[in-house]
1. Quick one: accessible area per residue over the chain, 1.4 Å probe, rounded to a whole number of Å²?
2. Could you work out [θ]222 nm for the chain from helices alone, using -39500 (n - 2.57) per DSSP H run of at least four and dividing by all its residues? Round to the nearest 500 deg cm²/dmol.
3. With respect to the cross-link table entries 161/221; 120/181; 125/181; 119/253, which display a Cα-Cα separation exceeding 21 Å?
4. Once you keep just the Cα pairs under 8 angstrom separated by 6 or more residues, what percentage relative contact order results for the stretch 176-251?
5. How many nm separate the modelled label positions at residue 198 and residue 183, each set 7 Å beyond the Cα in the direction of the Cβ?
6. Treating the angle as unsigned and between 0 and 90°, give the value, to the nearest 10°, between the Cα long axis of helix 213-226 and the longest Cα principal axis of the chain.
7. Can you tell me the 0 to 90 degree angle between the C-alpha axis of helix 109-131 and the longest principal axis of the chain, rounded to 10?
8. Counting other Cβ atoms within 10 Å of each Cβ, which GluC sites (Glu not before Pro) in the stretch 206-236 have at most 14 and sit in a DSSP loop?
Amino acid sequence: MITLWYDGSFAGLLTCIFEMYEHRLKDVSIFQKQKETNALFGDTLDVITDITKANRVWNGLQKRLSRQGCKNVVWNYLSELEGFENALLAFSRYVFDATENIETNFGNPAVLQVAQTAKKVGREKHRMEAFVRFQQLKDGLYYAAIRPDYNVLPLILPHFKSRYADQHWLIYDLQRGYGIKYDAGKETVEEVNISVSTDDELIPNTAILAEGELYYQDMWKDYFHKTGIPERRNMKLHLQHVPRRYWKYLTEKL
């Protein structure tokens, strides 16, 4: 067994796949350098990310997969689930070895796993697009804190950039310690990293909220509760659509 260590980037992962073919490696596993593994035996190789090599692999996958198939590869990477690298490695091997499109061959474990993981990430993407609750700060910035199960910030960016194109906003992922900030004037997006000791420091307090923000929040809560029909309340169904782990970040649930 040869263990390939990479830097955690998508390009780094694709470089590992290139190295496997270039050096004709058979029994291979891929792990991020910062993560501990049980790979105590066998050889190891530190793979340096090479954009040229990564692009060759990505171009090869694009030629053999549909647009949805390529999307599934990216979404598996963003899932950050344990072992996703080796699932994508097995999937890529199957893609390159086959003479036809294999995306619907769910009898293959790697194909099935990649498809199922992509669906999980897709559901989380849609939830975040629905569950983000902005609070306006005194400087005019609309801010929202989220804690998604998967790294979906890159996926929800187009939705919010299109929907709130005339506003300044920041969505911050508390789980991964980074956010995306949109500047309506410049029409630019930048990644934001904030150094704090606890997540509570990233939850706005009343002192920094814009005038009237609490009033609008109270109106939203009142609307939410008044439009509900007690006789038709189905908490089991409600929790399926709005899991309790998200309630902390929903204005109407506070």
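1. Normalised by residue count, the accessible surface of the chain is 60 Å².
2. Result for the chain: -14000 deg cm²/dmol, rounded to the nearest 500.
3. Distance filter (> 21 Å) returns 161/221; 120/181; 119/253.
4. About 18 percent, as a whole number.
5. 3.3 nm
6. That helix lies at roughly 90 degrees to the long axis.
7. 20 degrees
8. Sparse-neighbourhood loop GluC sites (Glu not before Pro): 211.
The values are calculated or read from the model by the stated rules, or taken from the named source; none is laboratory data. Everything numeric here is computed off the predicted structure, so don't read it as measured data. A quick note on method: Cβ atoms are made from the backbone with ideal geometry, for glycine too, and the neighbour counts reach across all protein chains shown. What goes into the accessible areas is simple: the full protein's heavy atoms, side chains included, and nothing from ligands, DNA or RNA. Shrake-Rupley method; radii C 1.70, N 1.55, O 1.52, S 1.80 Å.
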